[in-house]
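Trainee: Structure incoming, see below.
The values are calculated or read from the model by the stated rules, or taken from the named source; none is laboratory data. What you see is a predicted model; the values in this text were computed from it and never measured. Positions of Cβ are generated from backbone atoms using ideal geometry, with glycine treated the same way; all protein chains shown enter the neighbour counts. Remember, those area values only see protein heavy atoms, side chains included, never the ligands or the DNA or RNA. Shrake-Rupley method; radii C 1.70, N 1.55, O 1.52, S 1.80 Å.
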Amino acid sequence: MVTSSPPSGCQTPWCTLPRVHRAAAALVATLVAALALVLAPLEAAPKRDYAAAAWTILPPGENGSLTFDRNTTDQAKLYDALTPLSGNVAVRDIRRFFKPASLGRAPAEGQKRERPRPGLTIVRDRFGVAHVTGKTEADVAFGSGWVTAADRGLLLQLIRGPARVSALDVPGLDPLALALSGKSFVPSAEAEAFLANQLDAVRAQGVLGRKVLALINAYAAGINGYYRSKGIPITPFTANDVAASAALIAARFGTNGGQEVHNAMFLDALEDRLGSADARLVLADLREANDPEAPVSVPGRFPQELPSVASPGSAVIDDGSFTGAPLDAPAAASNALLVGAKRSETGHPLFVAGPQVGYFFPEFFAEMELSGAGFAVRGAVFPGVPLVLVGRGQDFAWSATSSEADNLDLFVETLCEDDRHYLYRGQCEPMRRFFVGTLKTQGQPDQPVAYYETTHGPVVGFATVRGKRVAISAQRSTRGRELLSTRAFYELNTGRVTSAQGFLRTMNAVEFSFNWFYADDRDIALFSSGRLPVRAAGTDPALPTLGTGDYDWRDFLPFEAHARGINPPTGAIVNWNNKPAADVGSADSNFSYGSVQRVDLLRAAVAARKKHTLATVTGAMNRAATQDLRVARVWPVIKAVLQTGPAPSARAEAAASLLDDWRSAGSSRLDRELDGKVDDPGAAVMDAAWSRIADAVMTPVLGPLVDDLARLHGRSDDAGPGGSAYISGWYGYVDKDLRTLLGQEVRGPYSRHYCGAGVLATCRAALWAGLDDAAAELQAEQGPAPSSWRADATAERIRFASGVLPDTMRWSNRPTFQQLMSFSGHRPR
C-alpha cells in the first residue's frame, strides 16, 4: 500500500532538481488558491472502439492541485498494489490495479459535465480523467487546453519561463530546477522572436501545417478561457508557450549526447597512463558503441553513429581543463513489451508499454480522451502541448522509449583575437550575444540571462587542447524546430494512421530521438525516430568535433536508414532503452550497449512462454520491475570465476551462498512485509559487494582512473527512490571480461584482459577479496549471522518530487504512464 513519509527532496531521473523552497511552495499555494471503480465489460463499448482490452495507469493521480481529493493519489495506490505480485499477474489483477481506457463510453449517471463553450462537452470519469468531445477540431483543442489548465495549471505556470530556457539551450540553467526554484523568468523580445520563427515554419508546411497552427491557437484559447472562468489573472497563454513546451519535451526527453568533452578528457588521462594507441582501444572497449553481443529489439542492420578508424576531425581535451556548464543526459526507464499475433493466445497482438518521465506531483503527464471532428484518441498529454503524445486510437496503440540516439554534439571552436571570436571557414568571426531574459526573485536584484553562440550553437564553456584555450559550443539537431514534429501527432490523434507501415512513415516526421512502438489487431512495429546527423568522415561520435567548418554535419539520416521493423520472426518486440537494431551506435553519453542490458530480464520472461496473454505479458513487466540485474545476469559468471579456487573465509563463502539462493528465488528486491527491509539477505550482499567487484575487474588496467570512468558512467544505478535502475555499462564490462578470462565463447572480445590483467588466479583472489570485504562490512554493521543481513527498502521507496506529496510507493523499475492494450478488429484497410 502507499504510505506516508517526510518529503526527501528530488528523487527523480533528474536528480539535480532541488526540493521546493518555501517561497516556491507559497507561490504554488497562491496559484492553487486562485486556481467506486466502474468496470463494465469492454464488449459493451461503442463500435468505433476496436479494443478487446484497454487499460492504463498514471500515478499519483489525475488531480494536480494542492487541494487534495480522491483523484490525487488513487492511481498511486493501484500502481503500488501491483508491484508485490511480481510475475504472478492474473486477469482479475489487471481489472483491480489498472483503470479502463476505452473510447467513447457513455458517461455514467452523476459524472461531472462541463460545457465551456457551444460545441464542446467535458465529462470526468471516476478517476478524474477528462473526456473531451468537440464539434470541430478547434472545439477539441479548446477543450484540451481547458482541461490542461484545470489539471496541470500549477505546472503550466511554473514551466512557462523555464521552457523558454530549454528551447534556447541556455547554458548553466536547468529548466526544471528553475521551475521549482521560486524564481520567475521574464523572456526577452529576442527569445519570443526565436519561438515565433517555429510558428512560421509550421505554417509553411501547407494545409496540414495550417491545421496544426489552428489547433495550437485554439488550445491556447482554452487555457486562457479556463483561467478567465476562475477569475485567475495571468498573462495570456500564446502559441509561443506551446512552442516552448514542445522544446522542453525535445530537449529533456528526446535529446542524447553532449558528453564528448568529458569523454575526451578521460581519453587524455588514459593516454598519459597507457599511451595513445592503447588508450583509444580501451576507450572503444568501454564505450561499447557497437558490441555484437548487445541485445537488440528488431532484426536487420542499420549502420549509424559508428566510430571512425581515424578521427582527425575530433579533438582530445586536456584532462581537467573544461570549465563551464555540464550537459547531463536524463535517465531513462521507459519500456515496451509487444507480443505478435502468432504468439498471442487470442491471435491478436498484445501491447504493454509506457514512457518513464519520473515521479512528480503534480505529474508532468496528464491523461485525457479527445473525440469528435475526426479525433478518437486517449492517452498522455504534456502541459502546454495540445495533442496526445502517447496513447491509443480506435484500432491501434502507440508508445515510446528514449532511443539513446545521438542528436547533440559539442564543437571545439578555435579562438582568435579573444574569447568572443572564433575561426570558422578561414575567417575570424564574432560570437553572437543572445539576451534571453531576466530572472526575478522577490527581494533580490533582477538577474539578466544571456549567452554567446557560434554558428554551431550556444557556447557552454572553455577548455584547452594541448595547452591552447578553446571554446566549446553545443549543436542540437532539433533546436528551433520542435513544433515541426507536431504533424505526426496530429495524424495519430485524428486516425490518419491505419497500418503498421503507415505508422513508420508517420513517425519519421518526429525529429526527437525516441523508439516508437505500434500494435493493432494483426501487426506490431518499431520505428526509431530522430533528426540524426550524418557526421563528417574522420570524426569520432564519442569525442568533440573541430569547429573550423571542415567537419560540420553533412546531412540527416533518411527514412531508409532508421532502425525499424514489423512483425519480427521472434514474434515479439521488446525494448528497455537498449540498442534498437544491429549496427546502431550509441550516443556519446551512453555506455550501456554491452553484453548485459536490463532488457535481458524482459526478453527472458517473454521467451519463457510460447503463447502469451495480456496478463502474462504484464506479469513479465512486473517481475522485471523488481529484479536486481546484477545478480540475475552477472552473478553466474562471477561465481564461475570464484569456483576456480577456495573462498578466503567462511563469511565470504556464506555471502556467495546468499547470492546463489537469492538468484534461485528470483532476484527480487521486494519488501513484501513492509518492514522497511528488502526480504532477501542477498540484496544486502550485492549492494555492499558490487562496487568492490567492479573495481576488482577494471582496476588492473585503469588504476586510479577507475573513479574517472565511474564519473563518466556510474558503476551501478541500482534501486533507488527515482524508480529507474540497471542501465549501467559496468554490468557488461564484468560479464564480458570474466567470460573471456574463463575461455567461454565471446563475440567481439575486448582489446585486452582487465581482471587480474588476464591471470585467472589474480582475478579470482581480487573478486573473493571484494566479496569478503563486503561481508566483513555487513558483519560489523548488522551482526555475525548472514541470514539476518538486510538492505534498506525504505530508502528505495519512490517519492514524488517536488516533496509536496508525502506519499511513497514501493520501488519498481517501471514506466510512469503505462498502457495494456489488445485489439480484435480494425477499420476497413
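Trainee: R0 = 41 Å: FRET efficiency of residue 829 with residue 190, Cβ-based, nearest 0.05? Don't skip to the answer; put the middle values down first.
Mentor: Numbers: r = 49 Å, r/R0 = 1.20.
It comes to 0.25.
Trainee: Within the set of other residues whose C-beta is less than 13 Å from the C-beta of residue 208, count the net charge using Lys and Arg as +1 and Asp and Glu as -1. The partial results should precede the final answer.
Mentor: Numbers: positive: 203, 210, 211, 487, 496; negative: 137, 491.
Spelling it out: positives minus negatives among the neighbours equals +3.
Trainee: Between residue 135 and residue 522, what's the calculated FRET efficiency when r is the beta-carbon distance and R0 is 35 Å? Round to 0.05. Before the final figure, lay out the partial values.
Mentor: On the way: r = 33 Å, r/R0 = 0.95.
FRET efficiency, residue 135 to residue 522: 0.55.
Trainee: Could you pull the Cα extents of segment 705-746 along its three principal axes, largest to smallest, in whole Å?
Mentor: Ordered largest first, segment 705-746 gives principal extents of 39, 24, 10 Å.
Trainee: Right, another one. Quick one: with all protein chains in place, what share of the accessible area of segment 162-233 is carbon or sulfur, to the nearest percent (1.4 Å probe)?
Mentor: Working: 1570 of 2710 Å².
Here carbon and sulfur together make up 58 percent of the probe-accessible area.
Trainee: Moving to a separate point now. Starting from the Cα gyration tensor of segment 72-176, take the square roots of the eigenvalues, sort them a ≥ b ≥ c, and report rounded, prolate or oblate (rounded when a/c is under 1.5, otherwise prolate if a/b is larger than b/c, else oblate). Show your work: numbers first, answer last.
Mentor: Details: a/c = 2.70, a/b = 1.15, b/c = 2.36.
Oblate.
Trainee: Suppose the chain between residue 425 and residue 582 were pulled fully straight at 0.36 nm per residue; how much longer would it get relative to their current alpha carbon spacing? Kindly include the intermediate steps, with their values, before the conclusion.
Mentor: Numbers: separation 157, 0.36 × 157 = 56.52 nm, distance 3.62 nm.
Length gained between residue 425 and residue 582: 52.9 nm.
Trainee: Kindly report the accessible area of segment 671-711 per residue (heavy atoms of protein chains, probe 1.4 Å, no ligands, DNA or RNA), in Å².
Mentor: Numbers: 1490 Å² over 41 residues.
Value for segment 671-711: 36 Å² per residue.
Trainee: Take the alpha carbon gyration tensor of segment 474-555, find the square roots of its eigenvalues, order them as a ≥ b ≥ c, and report rounded if a/c is under 1.5; if not, report prolate when a/b exceeds b/c, else oblate. Kindly include the intermediate steps, with their values, before the conclusion.
Mentor: On the way: a/c = 3.76, a/b = 2.25, b/c = 1.67.
Because a/c hits 1.5 or more and a/b exceeds b/c, segment 474-555 counts as prolate.
Trainee: Here is a follow-up. Roughly speaking, what is the stretch gain from residue 306 to residue 115, that is 0.36 nm per residue apart minus the C-alpha to C-alpha distance, in nm to one decimal? Mind showing how you got there, number by number?
Mentor: On the way: separation 191, 0.36 × 191 = 68.76 nm, distance 5.48 nm.
Additional length available on full extension: 63.3 nm.
Trainee: With a 10 Å radius around each residue's Cβ, average the other Cβ atoms per peptide and rank 279-285, 143-149, 185-191, highest first. All intermediate terms of the calculation are to be shown ahead of the outcome.
Mentor: On the way: 279-285: 19.9, 143-149: 28.1, 185-191: 18.1.
Those peptides, ordered most packed to least, come out 143-149, 279-285, 185-191.
Trainee: Enumerate the calculated ³J(HN,Hα) couplings along segment 372-387 in order (Karplus 6.51 cos²θ - 1.76 cosθ + 1.60, θ = phi - 60°), each rounded to whole Hz, writing x wherever the residue is Gly or Pro.
Mentor: For segment 372-387, the Karplus-derived couplings read x, 6, x, 6, 7, 8, 9, x, 8, 10, 10, x, x, 10, x, 10 Hz, x marking Gly and Pro.
Trainee: Rank-order 355-365, 708-718, 59-69 by packing density, defined as the average count of other C-beta atoms within 10 Å over each peptide's residues, highest first.
Mentor: 355-365, 59-69, 708-718
Trainee: Here's a follow-up. Could you work out the local net charge near residue 317, counting Lys and Arg as +1, Asp and Glu as -1, over the other residues with Cβ closer than 12 Å to its Cβ?
Mentor: Values: positive: 466, 468, 469; negative: 260, 268, 271, 318, 319.
For residues surrounding residue 317, the net value is -2.
Trainee: So what is the calculated 222 nm ellipticity per residue for the chain, using -39500 (n - 2.57) for each DSSP H run with n of 4 or more, over all residues, to the nearest 500 deg cm²/dmol? Show your work: numbers first, answer last.
Mentor: Values: 20 runs with 267 residues, N = 829.
After summing the helix terms and dividing by the residues of the chain, the value is -10500 deg cm²/dmol.
Trainee: With a 1.4 Å probe and all protein chains left in place, how much of the accessible area of segment 496-549 comes from carbon and sulfur atoms, in whole percent? Write down the numbers at each step before the final one.
Mentor: Values: 600 of 1270 Å².
The nonpolar share, carbon plus sulfur, comes to 47 percent.
Trainee: Same structure again: How about segment 45-81: which trypsin sites (Lys or Arg not before Pro) there lie in a loop by DSSP and see at most 15 other Cβ atoms within 10 Å? Don't skip to the answer; put the middle values down first.
Mentor: Values: sites: 47, 48, 70, 77; in loops: 47, 48, 70.
When the trypsin sites (Lys or Arg not before Pro) of segment 45-81 are filtered for loop state and at most 15 Cβ neighbours within 10 Å, 47, 48, 70 remain.
Trainee: Over 16 Å apart: what share of the alpha carbon pairs of segment 673-724 falls there, rounded to a whole percent?
Mentor: Working: 714 of 1326 pairs.
Beyond 16 Å sits 54 percent of the P(r) for segment 673-724.
Trainee: Could you compute the FRET efficiency for residue 91 and residue 660, with r as their C-beta to C-beta distance and R0 at 35 Å, rounded to 0.05?
Mentor: Numbers: r = 35 Å, r/R0 = 0.99.
Working from the Cβ atoms, E equals 0.50.
Trainee: How high is the relative contact order of segment 438-586, given as a whole-number percent (alpha carbon pairs under 8 Å, six or more residues apart)?
Mentor: Numbers: 190 pairs, mean separation 21.7, N = 149.
Contact order relative to length: 15 percent.
Trainee: Explain nothing, just the number: dipole magnitude of the chain about its Cα centre with +1 on each Lys and Arg Cβ and -1 on each Asp and Glu Cβ, in debye rounded to the nearest 20.
Mentor: On the way: 85 positive and 86 negative charges, 601 e Å.
The dipole magnitude comes to about 2880 debye.
Trainee: Holding the Cα-Cα limit at 24 Å, pick out from 77/230; 77/677; 135/211 the pairs that are longer than that. Walk me through the numbers on the way to the answer.
Mentor: Numbers: 77/230 31 Å; 77/677 20 Å; 135/211 15 Å.
In this structure, 77/230 exceed 24 Å between Cα atoms.
Trainee: Roughly how many percent of the accessible protein surface of segment 710-761 is carbon and sulfur, given a 1.4 Å probe and a whole-percent answer?
Mentor: Numbers: 910 of 1850 Å².
The nonpolar share, carbon plus sulfur, comes to 49 percent.
Trainee: Can you compute the modelled spin-label distance between residue 777 and residue 644, with each label point 7 Å from Cα toward Cβ, in nm?
Mentor: 2.5
Trainee: Right, something else. Pop a pseudo-label 7 angstrom from the Cα along the beta-carbon direction at both residue 69 and residue 450 and give the gap in nm to one decimal.
Mentor: Roughly 4.8 nm, to one decimal.
Trainee: Separate question: Determine, for each peptide in 617-623, 766-772, the mean count of other beta carbons within 10 angstrom over its residues, then list the peptides with the highest first.
Mentor: Packing order, densest peptide first, comes out as 617-623, 766-772.
Trainee: Once a ≥ b ≥ c are taken as the square roots of the eigenvalues of the Cα gyration tensor of the chain, is the result rounded (a/c under 1.5), prolate (a/b larger than b/c) or oblate (a/b not larger than b/c)? Write out the running numbers ahead of the final one.
Mentor: Details: a/c = 1.55, a/b = 1.17, b/c = 1.33.
Taking the square roots of the gyration eigenvalues as a ≥ b ≥ c, the chain is oblate.
Trainee: In nm, give the distance between the simple-model label positions of residue 559 and residue 610, each being 7 Å from the Cα along the Cα-to-Cβ direction.
Mentor: Once both label points are built, they end up 3.9 nm from each other.
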